[in-house]
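Nothing in this text is a laboratory measurement; each read-out follows from the coordinates by a stated rule. Everything quoted here is computed from the prediction, not taken from an experiment. In this analysis, Cβ positions are derived from the backbone assuming ideal geometry, glycine residues included, and neighbour counts consider all displayed protein chains.
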């Protein structure tokens, strides 16, 4: 199951896939491009939320928000784990799947060793997303504890301790969101990866499609304009 099972086109396509994934991840973090992404703008709102939370005496609404974040993260972690289990079925039923791929138009005749290597690659992506979601879930749990540890702003002498506790909870929330977003990117790009089962050209096209959708949502979406207080497109 070495590189001799793949053509030059396969290696170029998977390199292009990985390059797009890495470049997009850096772009949403504020590297490569000066245009602020939706993720960066939401990080500002995360900090604003924790700051406002610290000044509320009743924090039930904040507890509900954290519960929602944890439940959403747990859902995606479970989905990644189920999809990972499905990959074992793809390997177990290799002969049946390969017989289907043979009849797909414009696809090269599949080689069993290459097919199994592609499935293992998909499993690697899904395992990565599961660990990202699992870690994000844990970090959101830590964030809940840090929010509970923020003291009430009553004693002027404890102002420094109060500010530090708020900053700590806000930073943890941002870090948790970063890992959650990394897991989501893995899920999205795993859809683009499926094109490789048809061929290297299909992988390049599906990767470009996924990248175009994600770039639009991060840099040109109505959601981003909402955070910038820009008028919605008619």
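Above 21 Å lies some portion of the pair distances; for the stretch 128-196, what is it as a whole percent of all C-alpha pairs? Percent of Cα pairs beyond 21 Å in the stretch 128-196: 42.
Calculated from the alpha-carbon coordinates, the stretch 77-146 shows an Rg and a Dmax of 16.9, 56 Å respectively. Here the calculated FRET efficiency for residue 57 and residue 79, from their Cβ-Cβ distance with R0 = 41 Å, stands at 0.65, rounded to the nearest 0.05.
When the convex hull of the Cα atoms of the stretch 20-107 is projected onto a plane and the area is averaged over all directions, what value comes out in nm²?
9.8 nm²
For the stretch 115-130, backbone nitrogen atoms closer than 19 Å to the point 7 Å from residue 22 Cα along Cα-to-C-beta are found at 121-122, 124-126, 128-129. Take the Cα coordinates of the stretch 109-234, assign each an equal point scatterer, and use the Debye formula without solvent to give log10 I(q)/I(0) at q = 0.15, 0.21 Å⁻¹. Ignoring solvent entirely, the Cα scatterers give -0.88, -1.12. Helix 60-92 and the long axis of the chain differ in direction by around 10°, with both axes built from C-alpha atoms. Semi-axes of the equivalent ellipsoid for the stretch 1-55, computed as √(5λ) from the eigenvalues of its C-alpha gyration tensor and ordered from largest down, come to 40, 13, 5 Å.
Against the chain, whose longest principal axis is taken from its Cα atoms, helix 38-54 shows a tilt of about 30°.
Sorting 69-78, 89-98, 121-130 by average packing, meaning the other beta carbons within 10 Å per residue, from highest down gives 121-130, 69-78, 89-98.
In the chain, the longest principal axis of the Cα atoms and the axis of helix 8-28 are about 10 degrees apart.
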